[in-house]
1. Tell me which residues, restricted to region 1-37, are among the charged types (D, E, K, R) and either in contact with a Ser or Thr (Cβ under 9 Å, 6 or more places away or on another chain) or farther than 22 Å from Lys47 by Cα (or both).
2. Have a look at Asp13, Asp46 and point out the one that is out of contact with any Cys (no Cβ under 6 Å at 6 or more places or on another chain), exposed (fewer than 11 other Cβ atoms within 10 Å of the Cβ) and touching a residue at least 24 places away in the same chain (Cβ under 8 Å).
Amino acid sequence: MNISYPIVCLKNDGRYYIDFYLNKKRYRLFNAKKIGVDFKPNSYPDKQRR
């Protein structure tokens, strides 16, 4: 299995996401729904997002 280290990125619209590669496929996670957790960091106030 080939995985890159996850990086926290910021889009131009102010939303944060996690960017990483797993087996040569790119993943961008804006929330934790894919891992079964109810976590939405972009719903936090701007100063608490990162």
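1. First, the residues of region 1-37 that are among the charged types (D, E, K, R): 11, 13, 15, 19, 24-26, 28, 33-34.
The answer is Asp19, Lys24, Lys25, Arg26, Lys33, Lys34.
2. Sole residue among the options that is out of contact with any Cys (no Cβ under 6 Å at 6 or more places or on another chain), exposed (fewer than 11 other Cβ atoms within 10 Å of the Cβ) and touching a residue at least 24 places away in the same chain (Cβ under 8 Å): Asp46.
Values in this text are rule-based calculations from the coordinates and carry no lab data. All values derive from a computational prediction rather than experimental measurement. Here Cβ is always computed from backbone atoms with ideal geometry, including for glycine, and neighbour counts include all displayed protein chains.
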